[in-house]
1. Just to confirm, what accessible area per residue do you get for the range 401-503 at 1.4 Å probe, in whole Å²?
2. Across the range 424-439, in residue order, what do the Karplus-derived ³J(HN,Hα) couplings come to in whole Hz, using 6.51 cos²θ - 1.76 cosθ + 1.60 with θ = phi - 60° and x for Gly and Pro?
3. Per 5 Å bin, what percent of the C-alpha pairs of the range 317-361 does each bin hold, from zero upward?
4. Determine the gain in length on full extension of the stretch Asn528-Gln472; use 0.36 nm per residue of separation and subtract their C-alpha separation, reporting nm with one decimal.
5. How big is the C-alpha Rg of the range 459-522 next to the rule-of-thumb value 2.2 N^0.38 Å, as a ratio?
6. Determine how large the accessible area of Arg355 is when every protein chain is in place; take a 1.4 Å probe and give Å² rounded to the nearest 10.
7. Given the protein chains as shown and a 1.4 Å probe, how many square angstrom of Trp462 are accessible, to the nearest 10?
8. May I ask for the distance between the Cα centers of the range 184-199 and the range 280-302, given as a whole number of Å?
Amino acid sequence: MMWYLRRRSRTICLSLAFISIFLHLFLALVSLSIYHQPCDHPLPPKTYILRDLAHTNYTSVGISDVAEPPTDTAQRASSNGDANKDAKAHPALINTAARVGRYGADGAEPMESALSKLEALFDHPLYNMLSPPIPEEDWLLRVKPKVKASEKSSQMWVSASQDGYEDIQWNSSSNSHPPWLRFHLGISRWQLYPHRDPNMEALTQQLATSRIVSTVQKSGGTQLKLVMSFPNYGQAMFKPMKQERDDETNYNLYYFSDFERHNAEIAAFHLDRILGYRRVPPVVGRLVDVVKEIKDVTTDRKLARTFFTSPVGNVCFYGQCSYYCSTEHAVCGSPRDLESSLAVMLPDLSLATRRSWRSPWRRSYSRSKLAKWETESDYCSTVKKTPPYNKGTRLVDFIDLVILDFLMGNMDRHHYETFEKFGNNTFLLHLDNGRAFGRHSKDEPSILVPLEQCCRIRLSTWLRLRLLSLPQYRLSDVMRASLSHDPLHSVAPLLSEPHLAALDRRLQTVLETVSRCQKQQSKDGGGNEVIFDDTAHLKDMVTSAG
């Protein structure tokens, strides 16, 4: 009997061994076939999504022809407001983990693929919608018409005899205008610059390489910033590097105690453009020589008195401002080279007056006091009745800004500005983004409260967000590609991979918030009020395109 059991046991073991070998061979063959599959799905034709939109009810709950509806996650709706309490259960983090094997240990997609995604995104019909000619009154500035030859000299820009400035004359022809002037003349009622702006390359090149002939400190604000002038009279706002790119904001710091980041200003410009807003002035990264391009050319005596050499031989300065201008918060070169962001200046206030608006969802800027919107769940109903949010596009324009801030993690949006010439019927300027991208490990749900309370978003924004959630246009990939064009990318990536992954995660949160609004509206039996249709001409364009 024992002999029989031993023989039977040996037979079973041999059978299991053969089955195990077979399974290993089968898995190896499957893995090999998967390995040879291409990494990305082929990009759809440009008109694929747009043609589907021709048969879509724009204000319906689904808008399902653009992308699959996002799945709600309990983690993001937690009562304590921490969107990342259980990181292991977070779908976006699981997706990020799955991408490690596909892209490499840092999660980065090959740059060639990311660049092709960016190009495909900007070629997409949602970024190239037809629009009627811009009326004369919708331009911020206009060049005076041609005049008689005897009067021409009074209509030309004539340079002063200052040292370092070019002795040039600009007439009414745009070919004679420097890039910064073309930028100013291209500002309209609805955007700072057009999509595929032919002047953008020359403008960013000027910011990155043009000789700096003068530097003065800009007054106001809590942190150091300078105004730099170029030989062709162009000017840029300079913000210095104050901390390493990977340094996260201390969790014990309040949002109003954080340092501004030069790379945040650069990244905000790129993200604003990717979202299709074009409301952040162009910003470029630049390595500045602290001595040659600041100390030696400054005419600001107060600034000049703050230069010193550190114990290790680095040239430093700290300027004068409300809070962070002291030897303890000095900005230092290495030993003279200093990373910075340079943003093109908007037209002078004497030419184009701007109006400052207090944000309805402004924070209390107190360590203990809460703002009204934090205690009143129906706060938005009051805002909707208050000018200028009671008509036009002002509310959805503000929601656009809220989405940008949430994606960047910017809690410091106490005011925004508009050009006074256009009244209430115009876009919002997305300025001062230096406190963005402070934390990648935690999302700040309070930034998104205006969207949650108002449940209102413009259709074009909603469609672009859905587009950026698709694998072939993934937000983190196109953002990585866009930032690779900046000069400082050669020093180090302007946003670390965790920051890029956070963009994808936060984008899903925005989509889920809108989805919840739509479901709640459907449950309440209300009208189609979540999606504000700003693309009335889209169907006609699709029909004409065939």
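The values are calculated or read from the model by the stated rules, or taken from the named source; none is laboratory data. The shown structure was predicted, so the numbers you read here are calculated from the model rather than taken from an experiment. Glycine gets a Cβ as well: all are built from the backbone with ideal geometry, and neighbour counts include every protein chain shown. Each accessible area value is taken on the protein alone, full model and side chains, heavy atoms only, with ligands, DNA and RNA left out. Shrake-Rupley method; radii C 1.70, N 1.55, O 1.52, S 1.80 Å.
1. The answer is 25 Å² per residue.
2. Here the 3J(HN,Hα) series is 8, 9, 6, 7, 9, 7, 9, 9, 6, 10, x, 9, 7, 6, x, 10 Hz.
3. Distribution as computed: 5, 13, 12, 15, 16, 16, 15, 7, 1 percent.
4. 17.2 nm
5. Here the answer is 1.35, to two decimals.
6. Its accessible surface works out to 110 Å², give or take rounding.
7. Accessible area, nearest 10 Å²: 0 Å².
8. One Cα centre to the other: 26 Å.
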